[in-house]
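Worksheet: the structure to be examined is printed underneath.
The values are calculated or read from the model by the stated rules, or taken from the named source; none is laboratory data. Keep in mind that what you see is a predicted model, and the values were worked out from it rather than measured. Note that we place each Cβ from the backbone using ideal geometry, even for glycine, and neighbour counts take in every protein chain shown.
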2 protein chains.
Amino acid sequence: MPDQIQNAFRALADPTRRDIVQMLASQDMTIAQLTDCFDMTRAAVKKHLTVLSDGGLILVEARGRERINRLEPKGMAPVLDWLSFFDQFWDERLRNLKEAIERKET
Amino acid sequence: MPDQIQNAFRALADPTRRDIVQMLASQDMTIAQLTDCFDMTRAAVKKHLTVLSDGGLILVEARGRERINRLEPKGMAPVLDWLSFFDQFWDERLRNLKEAIERKET
DNA sequence: ATTATTTGATACCATATGGTATCATGTCAA
DNA sequence: TTGACATGATACCATATGGTATCAAATAAT
C-alpha cells in the first residue's frame, strides 16, 4: 500500500515484466503459460509476477491448483498521474516557444 | 541510442531521479544546485544525472565550469508511447464491460 | 600567479536484483 | 490411494545499483 508510485515504476523498469504486461493485455495466463513464452525458469517468472503484483499492475486469482494472472489497469493510475505533471511542462514549453517566436516576429 | 524505452523506464524507476525530474521542470539547475536539494553527495547526484541523460530525459549544456541540466520532454515520448497501448486495453475493457451489461439488460 | 570552485572519474562498499536449483505443498486424475 | 502436475518457498549465485571517498582537471576570482 505505501509508495504505490515507487512499486509501480519499479515493476515497469524491467523489460521482461513489461513483456508480461503486454501478454496479459491480450489474455489472462497462468504462471506455466507465461513461462512457456520466456527463456527462463518458472521461479524467475514467478518473481516477476510478485513484483508486478506489488506494483498493483496485476491481480492473481487462485483457481484450483492454478493461479490466473490478470492485468489490473487501475494499477497504472499512479504512473499516469505522476506523468501528467510532465504533460503540463511539455505544454508550457510549447507555449513559451510560441511566445518567443511571436515576440521575434513582432 | 539502442533500447531507448528501457533506458527511459530505468531512469524513472528511482525516486531520487523522479524528484530531480520534477525539480528540473520548474527550472534548469547545475549539479551543485541539485545537490543542495538532496541529502547525498555530489557524486551520487551526478550518477543519477548520467542515468537520466542515458534515458534521454535531460540535456546537459556546458557553461563555463558549470553544467546546466535541462529537462528534455522529448525523452518521455518512448515511455508515453509504450503506455499508450495500455490505454487501448483499458478502453477495450470498458467496451467489453459495457457490451456485457447491455446484453444482460436486453 | 595563485587560490577557490565546479565538475569528471575512479575505486570501493553494501545491498538490491534477476536468475537457478531444489524441495515442500496443494490439487487434479486414475 | 497413488501419482502427476502447478505452484510456493527457500537457499544460493553473479551482477547491477546506489552510495561514499578521493583525486585530477578545468574554469573563475583575487
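B:LEU80 fails exactly one of the following numbered conditions: (1) within 13 Å of DNA strand D (Cβ to nearest atom); (2) modelled with pLDDT under 95. What is the number of that condition?
Answer for B:LEU80: the failing condition is (1).
Restricting to the range B:60-76, and then to whatever is more than 13 Å from the chain's Cα centre (by Cα) and more than 13 Å from B:GLN27 (Cα to Cα), can you tell me which residue is farthest from DNA strand C (Cβ to nearest atom)?
If we take residues in the range B:60-76 being more than 13 Å from the chain's Cα centre (by Cα) and more than 13 Å from B:GLN27 (Cα to Cα), then B:GLU61 is farthest from DNA strand C (Cβ to nearest atom).
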